[in-house]
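First comes the structure, then the notes that go with it.
Please treat every number below as a calculation from the coordinates, not as lab data. Please read all numbers here as calculations on a predicted model, not as lab measurements. Cβ sites come from the backbone with ideal geometry, for glycine too, and all protein chains shown count toward neighbours.
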Amino acid sequence: MGCSSSKDLVTPIDNGGLQKNNFDIDLNDPEVQKAATKIQASFRGHKVRKEVKGQVHPSEPNAEDDEIAAIDLTDPELADAALKIQAGFRGAKARKNIKKEDADLNQKLGNLNTEEEEVDIDLTDPELNKAATKIQATFRGHKQRANP
């Protein structure tokens, strides 16, 4: 906490000198620690407020603000330059999104390829042949109706 021991405290006395007092303070006491924390926090706050007070506030005009205020926003060259900057940014953003989408799609496709199932179909099954014939007949009828 800054003191060499918890029992020494130097206080001013009436004749202008300093007098050393001995106090028995338990530094492990939660109340003492709480008080010390409060003192430290208030000092840190004081220090920060002092620093902020010394800083230049943005509300005060400076040379850079004057330069920005002097820009003619109706200038066609300025509008063209702004459009080029915006187009470049939008293009970069679109390319980034496409690259991300491609990576996501490739990852999904990669996951599909690793999860292959082995399908066991009995090609001699009579019901399978009947279903295949029905599908073929339906498709041939659709094809015939589509081309008159």
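Couple of notes before you dig in:
- Backbone HN-Hα couplings from phi across segment 82-94 [Karplus 6.51/-1.76/1.60, Hz, Gly and Pro as x]: 5, 5, 5, 5, 5, 5, x, 5, 5, x, 5, 5, 5
- Convex hull of segment 77-148 built on C-alpha atoms - directionally averaged projected area, nm²: 11.0
- The simple spin-label model puts a point 7 Å past each Cα toward its Cβ; for Lys34 and Ala132 those points are separated by 8.5 nm.
- Partners of Lys53 within straight-line reach, counting lysines whose Cα lies under 29 Å from its Cα and excluding those fewer than 8 residues away in the same chain: Lys34, Lys38.
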